[in-house]
Structures are given as C-alpha cells and as structure tokens.
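The values are calculated or read from the model by the stated rules, or taken from the named source; none is laboratory data. Treat the numbers as computed from the prediction; the structure is a model and nothing was measured. Reconstructed Cβ throughout: ideal geometry from the backbone, glycine too, with neighbour counts over all protein chains shown. Protein only, heavy atoms only, side chains kept; ligands, DNA and RNA dropped before computing areas. Shrake-Rupley method; radii C 1.70, N 1.55, O 1.52, S 1.80 Å.
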Amino acid sequence: MRTWKRRGLLPAAALLALALPLSSSLVLNSTALAAPRITTPEQFFGFPLGTEGKLARWDDLVKYYKLVADKSQKVLYQEIGKTATGQPFPLLTVSSPDNLKKLDRIKESNLRLADPRGLTEAEAKKLTAQSKSVFLLEAAIHSTEVGTAQVIPNILHRLADEKSTTVSEILDNVVLLIIPAQSPDGTKWVGDYFNKTAGTNYARTYPDLYQKYTGHDDNRDWFMITQPETQISVALQNEWKPQVVQNLHQMGNSRGRIFIPPYLSPNDPNIDPITVQQTNSLGMEISRSLTAEGKKGVQWGSTYDYWTPSRQYMTYHGAPRILVEAASAQDLAYTYKSSNGGPIGPQEPDTNFIEPYDQSTWTLAQIVDYLDTAVFGALSNVAKYKTEWLYNFYRTQRNAVDPSADKPFAYVVPAGQRDPFATYELLNTLQTGDVEIEQATSAFTANGKRYEAGSWVIRYAQPYGRFAKTLLEVQRYPDLREYPGGPPQSPYDVTAQTLPMLLGVYVDTVAKPFTASTTPVTKVQPANPAFPGDPGGNGAYLVSPESYGTAMMIAALQKAGAGTFRASAEFSAGGRTYAPGTLIVEPSKAAQTALQEVSRKTGIPVFSVGQAPQVAAEQLKDNTRVGLLRGINNIPGGWMKWLFEQYGIGFNEVVAADFAGDLNAKFDTIVLPAGISRTDIVSGLNRDRYPAEWSWAYGVGEAGWAELRKFVEDGGTLLAIGDSVATARQLASLPITPALPSDEHQFFSPGSILSQRFDTSDPVAWGMRPDTPVWFGEGDQAYTVTGGDVVSSFPKSGEQLQSGWLIGGEHLNGKANIVKHQMGEGLIVTFGSEPTFRTWSRDPSKLLFNAIYHGPSTTVDGAALPGALRG
Ligand SMILES: [Zn+2]
C-alpha cells in the first residue's frame, strides 16, 4: 500500500491532475494519476474495525498511526511519555498542513486566552478570530471498553483522506489532539489476550488490572495525578489549554445505547456556568447528529454526574468534559442479544431519551459507528463555531481571574505545619494542576490572624483558582433522593476530596482581601531542615511520628539494616518533647544515610541526642517481611502496591502458591486489601476458564484457608481493610459486630470524610492527631465491640460528617472503626474504613504502616534501650 516514500512528494503527473478542473480529470486514467490515498484501516488490518470477534492489536494500531502520519501532511505522531510499565505513550495531532506549521502560534494565542489578565476585550476578540480551537480526544482509558480504541483508525483515516467540506472545515479550524489510548498498557494486554485465547475454551476477557496499579480507577486519578499516564495527559492539557475534551467510554447493557451529556445532577459548583452550558450544548449537538443518522437509544441526564474532580481535570481548566458512553457488546467483540428476544434497554421514551432502541442485538460494529458519529458531531460543531468556542473559553477564564467575584479572596497555608511532607504534597498537587502559589517574604495579618514569613498564599482570582478551591474547600453534596422521601440517588462516584483533611494540612480560607508581601513559587520543594550532627556512640537519632512520610524513613532504615525503635510513651530529650511513636534510631553511618536521604525528599526533620533516652520502646523487627495479598482485578490492592513502592516499603505479593507452604516462613505481616472475600481466597479464579499464567489467582482451597488462620495463631500479623474485615471475621471469631443499617434510607456514606477519635497512645495510632478525620465509603463498616483494643471510633455524639454526604450519621455514634485483636501468638487488626483509600487518604495511611511494623516488633524497657541501641 506504500505508494509514495515520503509525504509531500507528489510525482509531476499527480500535481497536474490536482491542478486540472474536475471535469478534465475524469477523462484521465484516475488509477494512475489520482493523488495518493491513505491506506484504509480495512486494507491495513485485513478487516473492517468493529468486525464480530475481531480486535486490532495495540501494536498494530500504533503501526497504523505511524503509517498515516508518514503519508499525510495533516497528521503528526509523537511519543509524549512512558506508561507505568515504561512503554511509549502516543499522541496524534491532526489539523490542516497550514495549521501544523504554526502550532506554536496557535498554542501561544490559546495560552493568552487561558490567562486573560491584562488582555483587552478588543485583543481577545482578535485572538479568537485568528486562532484555532484545540480539541482533545481521549480514547481507551478503560481497556476492556474496546470499541473506543478500535474507532480511532477510522476517525484518523477520514480526517487524513476525505475530501469533504466537513473535514476541511475541521482541519482548518481545529487542532485535534488524539490520545489513542489513555492506558496503552491495558489496551495492549486486553487486545493481545483476546487474540491469544481465540479458538480456546478460555474466557476472552483480560481478568486483571488494565493499568499497572489502578485498573479501572485510572479514571479516578485526575486530582491527585499519581500515575504516569495521568501526568502525561495533565501536562498535555496544561501545555495546550484545550477548549473541549471528549472522553470515549463504554458502559453496561441495561440502559440506552449511548450516553452523552448533559449530566445528571449535581455539578460541582466550582465548574464555571459557561463550561456547564458548553457541555450541555455540545452534548445536545452530538445527540442531534446521532438521531439524525437514525441511531436510536441516545440518552442524557442519567447515571453520570458532573461532581468529582477525580474524573475531570479539564472542567476546572476551562474546558467541558464531553463524556461519551456507548453500551458494550458481549465478551468484548461479540453480538449482545437481549435475553427475551425483544428490544434492548428501556422502552419508555422521555425528554432525555427521545427514541428507545428498537433492535434485539447490539454489536461492536455499532459501537464503533456510534462513537464515530459522536466524535464527528462534536468536531463539526467546534469547527463551525470555532470563534464562539474560543470566545466562550476566554469568558470562562475572564470569570476565573475576576477579583470582584463573590468568592474567597485567598487560601493561606500557614508555615510551621505539623507535617512538612503533607504540606509539600498538597502544594505540589495544586501546582501540578497549574495553580499559582505565592510565599510570604515577611509576616502578615489576614482576617485578624498573624501568619509567619514562609506561609503560602493561593489567590482565588487566578486562571485555575477553581481547581484550588474544589480541592481545598469542604464539600457539601446535596441531599438528592430518587423521589421525595425516597432512597438516596447514588452519586456516580464519591462525594468528597477536601485535601487538607485527607493529607492533614492546616489551610485557612480568607474571605476578604488582605495585603502581604509575597514572591511567586516557581517549583514547590520539600522543606530543607538542617541535618543534625553525629550523635556519637551513646546517642541516637530521633524522628517525631507526626508525618505520614515517616513510613518512608522506616522503610529506608529497614533496607539499611539500621536498628530502629519506637518510643512507647512521650519523653523529653535535648530540650524537646517527643510524642509516643517517635523513631529512636541507632547512631550508625547506615542510619544517617537513610535518614538524610528521606529527610531531603520529605522535609521531615531529624534530631540527634548524645545520650539515648531511657524510655520504654518497641524494637522493629529487622527486615520485617511484609506481604500484600494480590487479588485478581483488586483495585484497592493495586493502589496500595503503588503506595508501598513509592514509599520504598520492602514487600512481596502473597499469591496462591504461598498458601501451600508455611506462610510464617515467608511473612511477618500480611495485608488483606479491601475487596478480598473468603471466596476470592478459597475458590479464586476458575482454572477451567483461565490458563496457567493466572495460577497465582487460583483458589487455595480449605487447606490454604486453614494455613492463613495458622499464620496468625503462630505469631503472624494480619491486617484486614474495609470490607475485607468480613473476611477476617470468617477466619477468626472476632468480638466485633457490624453496627450499620444496610438500608440506604437509614445509612449512606458514598465516599465521604467523617469524624474520628483516636487513642494515640496505641502503637497503631502513633503520630495521629486525636481527631484526624477518616475516609468512609460504600462497603466500609462501623462495629459494636465486645472485646479487643479499640484504636479508633466515631464520636459518641455530634456531627459525624466532615466533607461530602452522609445520611444517618447517628448510627455511627460511639461505634468502633479500628480494632486490635490478639489471636494465639499473633495479631489481627481490623480497619472498618480504608485508611489509604485510592492513596488520597494519606494522613491516615500512618495507621496502616504503624500496624505493619507494630505486629512483628518486640518490647524493650526504658533502662535497656540505650544498650539495645548500641547493638
Ligand atoms: Zn469507562
């Protein structure tokens, strides 16, 4: 199919043909003289994309993108980063050859409109007339939603090859950025697995996480921005400031055939009203295109809300999120048939569902076709009304920088925080989202409060102040019901994201203007505390336990083989008072190197004393062997794995084969992440449906289950998180009973931040504030306790809700969350709610790390500590 070696080099005869009027060219031999055509997807892949039972592989998709870029002057192919497994992350840029030559100028105009401070109305109008709209199309963030990856070659080919007014208008007026797979790894794994299992009795669907750590939650990462793929896309959006971002997805099969915005209530009030209306109008435009083409089953205003920033970065940066969700086929690429032979999905027409779907089957070809229309419907509108799109984008951003708006003046992050690492992470998250941060060069007063030099100021009136506000404020999710007095209308995801609570940082909201002398912070850096001198042979290094970053210090000390103790009580040394849980570390060179490195990364101060304190302590077990149970497609465990790796925790995954041997010989502590049931462990993945490469997830049987019980009885530590507490209760008779009503009328906490009271003298709660709030989501539970040691519980009375939405908070009154249970020689710690939920909940992550090392540690009395430190 390769007719010409290099793009742009047409033979003389072809140029002649192009120059001739159409009527004359018809008399020429068109096969010999026509302009070069781009190989079609069907020619390249050998079948039309969307064919029953066939999926183009990721590697071949990429080859096709490179081929088109090579042949067309309208398409650029670039690799703009690496995935979590180190594979290339491609980007396609599509526009007219003219536009592609002046991308820098287009980008510059857009950036000027995105930050309209100092821009006059006349200048803005001129820029919107001259510049081009930037449209970001993102496919295949969810790898099993295969149609979203398969449709891209068709879209690309049409744009590169079709000579029509529609396509010319798009190319002339729009710079289209295409992320052909937001999770390239998963797109490869799912497609290759599907092809590999062809002709076998095995299930065709990839059973595990399709992004290395987060799986389906890769679309819950848009405010903490933890994964490389998210970081790449955020950097791209920051670079271009697109006016529209369209996300292609697939949903289940019970609803309409395709969902397009407007969204279901509520929308985050921090999304500019213009952005909301741009979303609504473009959504309606797409619906019109689909309906006009005879595509039935188009639905809006259902299921998907416009609330959480975990799913939408662009909305706080001036662009609507155009979510497209097509219904799925059977087993990725086979025809879905209705169970009763009748038409699929709801059949009652409504204003948000004009035309029910009238067929009894639904195919991958239809998915590809519907998505294609949804993309061209949006692109055509943005191209046709390019100037209006740019101008409305400018107006959105003008609203953002308007200091007269009835909004807070600024957020102040006071210097001298309890947790310097949390403060760094909070500021760094905001800065990654393009939020401007200033630092005070001298003390100042705001709202009657004095702030020291070094405090940070985040003004609301700035281009992305909305992103800062949604992350810094308390969420008040509306009390939405299915009908008056009815059950709660479930949010699509969660309801809270208040970073100061999740990270444990004090942030003040200041409503009224104040003055402070500040300097812009170009790049947030961790604090840089002076490292102390050598404590000498009789001394020790000391680290207070308040920062969640101390987990990194413990991990580094474990790797260095440095003797590490934790004070069991408060003590004073060198003129300072240290809280229970303070790290007391041997005065060796290895310890110094480990502490210094982590202190530099986290800003956590280290102290040294020439005389080791005489305080009762726990000695951490050298080389504590940590196990993280790996469950198939277990997203909470995936997030936890990422966190462990980030913190340098030495750990191994616990897999099926481990249960056949002696678990105590391999592990000191085993963590059961949320979402692991007894059935997952005992029965596991069906070996008739999944080949040997998944044997790690096969069931361990009753013998394996008994081995897990024996692990604890023989001295092991088992940590059960969230709904896995039910699994621990099946393993051992624990003195806790679920206390919450299962009826959502009575109790409902769909991902909210709740009040909590900690016993900070308990080793599991060392370093916590007594009232640190905790994450509480669906599947979490509170307990009535008849034994064990209660580490944390809900307040006996008063407001349980801190941020988000909660129904029936009184059922939590006085109930336990974290409880420690002795069992035989071992320990079980049950965490009713997830202390590390999606790694957003970071301050409470201390609880998990404390418990991991506490179980296997031994006690040392005060008089013996100095000697023990000398080894
Ligand atoms: Zn999806």
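Here are some notes:
- Two-decimal Rg to Rh for the stretch 406-458 - Kirkwood Rh, Cα set: 0.97
- The phi torsions of the stretch 199-209, fed into the Karplus equation with coefficients 6.51, -1.76 and 1.60 and a -60° offset, translate into couplings of x, 10, 8, 6, 4, 8, 8, 4, x, 10, 4 Hz, rounded to whole numbers, with Gly and Pro shown as x.
- If you wrap the tightest convex hull around every Cα atom of the stretch 699-794 and split its volume per residue, you get 131 Å³.
- Taking only alpha carbon atoms, the stretch 594-734 gives an Rg to Rh ratio of 1.07, where Rh is the Kirkwood radius.
- Rounded, prolate or oblate (a/c below 1.5 giving rounded, otherwise prolate when a/b exceeds b/c) for the stretch 475-581 by Cα gyration tensor: prolate
- Three-way shape call for the stretch 134-255 based on the alpha-carbon gyration tensor, with the a/c threshold at 1.5: oblate
- Between Ala782 and Ala739, Leu740, the built amide H atoms are under 5 Å apart, and every one of these is 5 or more places off in sequence or on another chain.
- Surface accessible to a 1.4 Å probe, per residue, for the residues of the chain, Å²: 37 Å²
- Peptides 174-183, 298-307 ordered by packing proxy, namely the average of other Cβ atoms within 10 Å per residue, highest first: 174-183, 298-307.
- Prolate/oblate/rounded call for the stretch 269-321, Cα gyration tensor, a/c under 1.5 rounded: prolate
- For the set Ile232, Ile632, the ranking by accessible area, highest first and with no ligand, DNA or RNA atoms included, is Ile632, Ile232 under a 1.4 Å probe.
- Computed over the chain, the per-residue total of -39500 (n - 2.57) for DSSP H runs of n ≥ 4 gives a 222 nm mean residue ellipticity of -9500 deg cm²/dmol, rounded to 500.
- Solvent-accessible surface of protein heavy atoms, probed at 1.4 angstrom with all chains present, puts Lys469, Lys449 in the order Lys449, Lys469, largest first.
- Residue (of His811, Pro866, Leu847) at the positive-pole extreme of the stretch 782-871, dipole from beta-carbon charges: Pro866
- Here the chain is assigned +1 on the Cβ of each Lys and Arg and -1 on the Cβ of each Asp and Glu. Its dipole about the Cα centre then comes out at about 2320 debye.
- Bridges between two residues of the chain, per DSSP, are antiparallel at a rate of about 65%.
- D_trans [Stokes-Einstein, Kirkwood Rh over alpha-carbon pairs] for the chain, 37 °C, 0.692 mPa s, µm² s⁻¹: 111 µm²/s
- Which of Asp789, Asp843, Asp508 is most accessible, then next, and so on - probe 1.4 Å: Asp789, Asp508, Asp843
- Ranked by the mean number of other Cβ atoms within 10 Å per residue, highest first, peptides 205-214, 66-75 order as 205-214, 66-75.
- With kT/(6 pi eta Rh) evaluated at 25 °C and eta = 0.890 mPa s, and Rh the Kirkwood radius from Cα pairs, the stretch 330-419 diffuses with a coefficient of 131 µm²/s according to Stokes-Einstein.
- Computed with a 1.4 Å probe over protein heavy atoms only, the accessible area of Arg757 comes to about 110 Å².
- Of the GluC sites (Glu not before Pro) in the stretch 545-626, those whose Cβ has at most 16 other Cβ within 10 Å and which sit in DSSP loop: Glu570
- Each peptide among 509-520, 248-259 gets the average number of other Cβ atoms lying within 10 Å of its residues, and from highest to lowest they stand as 248-259, 509-520.
- Within the accessible area of the stretch 317-417, the carbon and sulfur atoms contribute 46%, probe 1.4 Å, all protein chains present.
- Proximity of backbone amide H atoms, modeled 1.01 Å from N, is registered between Met251 and Ala326, Ala327, Ser328 at under 5 Å, excluding neighbours fewer than 5 places apart on the same chain.
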